[in-house]
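For reference, the structure discussed in these notes is given below.
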Amino acid sequence: MTKTSSPKDIKMLDQSNHPVGFASTDELETFLSLPTQALIDDMRKLDGDIMILGASGKMGPSLARLAKNAAPDKCIVAVARYSDPSAREQLEMHGIETIACDMLNRDALAKLPKIKNIIFMAGRKFGSSGDQAATWATNTLMPALVAEVFHQSRIVAFSTGCVYEFVATDSMGSNENSPLNPPGEYAQSCIGRERLLEYFSQTHQTPGILYRLNYAIDLRYGVLHDVAVKVRDGLPVDVTMGHANVIWQGDANAIALRCLLQATVPTSPINVTGPETISVRWLANEFARMMGKEVVITGEEADKVWLSNATLSNRLFGYPVVSLGQMMQWTTDWVMAQMPSHNKPTHFEARDGTY
């Protein structure tokens with residue numbers, strides 16, 4: 001495989017041109033926003049502009065830039081509260097229109113432009129156990145308001161693999177028809193989000209996709225980052241939640257945009273993650289080997305965990321462009337160089353649904 005020396009050299013992403021690493025956050029963000037030819041082709045087929053609701057989170061800014069790079073002739077609108085003005089300025093620098101809006105405010109939401117294609121990313125997870133009412137409002141009331149206001153649009157709504165119950169580690173993982181019976185109010189509120197979007201999709205014949213993501217990887221956060229930092233710092237790695245699925249954030253964002261062409265009436269779910277079932281114990285040991293560190297393992301693997309079967313996604317969109325091995329190498333280099341972190345652990349180890 002030929003690899004370029006810098007993300008700045010790459011204009012379009014494929015499996016042959018990954019950089020050897022990233023010297024800065026700007027280089028990482030640039031790489032995350034590179035489209036594949038498949039995404040460009042799908043955006044050419046898509047009628048209408050794109051609006052991203054909840055665009056200031058960990059994934060939103062790179063998704064907005066990716067959409068603009070894949071479809072430069074489309075208007076890409078990024079909506080968020082923008083408590084950090086610099087996030088808004090960065091998006092506007094890349095040709096993205098921004099609108100500040102509290103989407104729990106029905107009147108403010110109704111004033112947003114009625115754009116044909118909606119990526120709905122807003123949600124609340126961390127802090128859920130301390131303020132359940134806010135979690136339910138964000139994860140159920142807000143989607144209901146969005147579904148009403150944008151009933152004439154296509155809506156790809158971010159959800160989570162946490163809506164499923166735990167499954168055996170030697171299974172293929174939950175598929176889109178598996179039972180929804182998870183622990184904890186956060187996951188239950190995510191089922192509420194899906195059910196309300198499904199209800200309004202049926203009522204108004206709104207095309208949609210329920211995008212069940214499990215877990216996105218950026219070098220500044222995610223399961224790989226969490227485990228790698230613990231190995232680097234000599235902290236114990238708990239393997240009780242001993243297996244997980246992951247996918248590169250750039251791949252996850254590209255699939256979200258491509259899902260706009262797959263929208264159904266009524267809305268329907270799709271699992272989005274990587275093809276591997278990863279052993280956390282193996283992952284920790286591999287990071288230790290790559291870093292030249294000793295690893296401290298605690299706990300024993302549970303026989304049931306959250307795992308998602310992404311067969312449908314893989315059939316529609318192909319396998320992720322960035323492999324697990326590449327993610328691990330980049331993560332090792334990033335954390336060993338003490339590069340920036342979002343300081344937002346995934347808490348993937350939690351088995352009681354409390355975040």
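Just a few scattered comments:
- Length gained when the stretch A302-K58 is fully extended (0.36 nm per residue, less Cα-Cα span): 84.9 nm
- Charge dipole (Cα centre; +1 on Lys/Arg Cβ, -1 on Asp/Glu Cβ; no other charges) of the range 132-288 amounts to roughly 280 debye.
- Shape category assigned to the range 38-122 from the gyration tensor of Cα positions, a/c cut at 1.5: oblate
- Unit charges at the beta carbon, dipole of the chain: most positive-side option, T25, Q37, H243: Q37
- Ranked order, R65, R124, R106 - accessible area, probe 1.4 Å, largest first: R106, R124, R65
- Dipole magnitude of the range 83-152, debye to nearest 20 (Cβ charges: Lys/Arg +1, Asp/Glu -1, about Cα centre): 240 debye
- Fully extended contour minus Cα-Cα distance, from S341 to E97, at 0.36 nm per residue: 85.1 nm
- The chain: DSSP helices with Cα axial extent of at least 20 Å and average Kyte-Doolittle hydropathy no lower than 0.0: none
- DSSP-defined antiparallel bridges as percent of all bridges, the chain, nearest 5: 15 percent
- Dipole of the chain [Lys/Arg +1, Asp/Glu -1 at C-beta], most positive-end residue of G161, C259, Q326: C259
- Note on D170: accessible area approximately 140 square angstrom, rounded to 10, probe 1.4 Å, nucleic acids and ligands left out.
- Given charges at beta-carbon only (K, R positive; D, E negative), |dipole| of the chain in Debye: 640 debye
- Only protein heavy atoms count here; under a 1.4 Å probe, D41 has an accessible surface of about 60 Å².
- Here the calculated FRET efficiency for Q37 and Q329, from their Cβ-Cβ distance with R0 = 30 Å, stands at 0.75, rounded to the nearest 0.05.
- A Förster radius of 35 Å combined with the Cβ-Cβ distance from S279 to A144 puts the calculated FRET efficiency at roughly 0.35.
- Simple rule: put +1 on each Lys or Arg Cβ and -1 on each Asp or Glu Cβ in the chain, find the dipole, and look at S83, P72, N309; the Cα lying farthest toward the positive end is P72.
- With every protein chain in place and a 1.4 angstrom probe, the accessible-area ranking of E185, E165, largest first, reads E185, E165.
- Within a Gaussian network of the chain (alpha carbon springs, distance under 10 Å), most fluctuating of S308, S62, S171: S171
- Judged by the gyration tensor of its Cα atoms, with axes a ≥ b ≥ c, the chain is oblate; a/c meets the 1.5 cut and b/c is at least as large as a/b.
- Virtual spin-label span in nm between L235 and Q202, 7 Å along Cα→Cβ: 4.4 nm
- Remark: spin-label model distance D84-K116 equals 3.3 nm, labels positioned 7 Å along the Cα→Cβ axis.
- Across Y164, Y82, the residue with the most accessible area heads the list, and the full order at a 1.4 Å probe is Y82, Y164.
The values are calculated or read from the model by the stated rules, or taken from the named source; none is laboratory data. The structure presented is a predicted model; accordingly, all values stated were derived computationally and were not measured. Cβ: placed from backbone, ideal geometry, glycine included. Neighbour counts: every protein chain shown. Quick note on the areas: whole protein, heavy atoms, side chains included, nothing else; ligands and nucleic acids left out. Shrake-Rupley method; radii C 1.70, N 1.55, O 1.52, S 1.80 Å.
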